[in-house]
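Since the structure comes first, as structure tokens, the remarks are kept for the end.
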Amino acid sequence: MQTLDRLKMELSNQQYFADEQYIQFLTENNLLPENAYIKEDMQKQLLLTVLDVLEAVANDIDLMTSISTEFSNMGQAYQFIEMRIAQVKDKIASIPEPNEDYSCFSLMYTRGI
């Protein structure tokens, strides 16, 4: 599966923007849309891209108006987008950094010399 297709899947196949804009969001997060998606290497960048897209949607009143047709009003649509943004941020925070050796005891034995 290509990275662009995986981005669309993460966005529940909602066509908020044209593919050109999605490609721009991907390249801003160092992802190439035509590359095969590899979760271990690309998950954090893809979720950062999803976050960028959702924040752009939340900041575009015209786009929010079109989304609000799926909800009873624009306030509910905005709350849904904000909730989704919070979920994505939590998911990003839970992804461990590669090659990071972290221990809750690591700072216990250091000395400020």
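Kindly evaluate F71 against the criterion of being modelled with pLDDT of 80 or more and surrounded by 10 or more Cβ atoms within 10 Å (Cβ to Cβ).
no
Across region 28-45, the number of residues qualifying as farther than 21 Å from D60 by Cα and assigned to a helix (DSSP H, G or I) comes to 7.
S12 meets the conditions (1) closer than 25 Å to M83 by Cβ; (2) in a helix (DSSP H, G or I) in every case but one. The failed one is (2).
For the residues A18, A36, A77, the requirement of being touching a strand residue (DSSP E or B) at 6+ places or on another chain (Cβ under 7 Å) and either under 19 Å from T3 (Cα atoms) or buried (at least 16 other Cβ atoms within 10 Å of the Cβ) (or both) singles out A36.
The values are calculated or read from the model by the stated rules, or taken from the named source; none is laboratory data. Quick caveat: nothing in here was measured; it's all calculated off a predicted structure. All Cβ positions, even for glycine, are placed from backbone atoms using ideal geometry, and neighbour counts span all protein chains on display.
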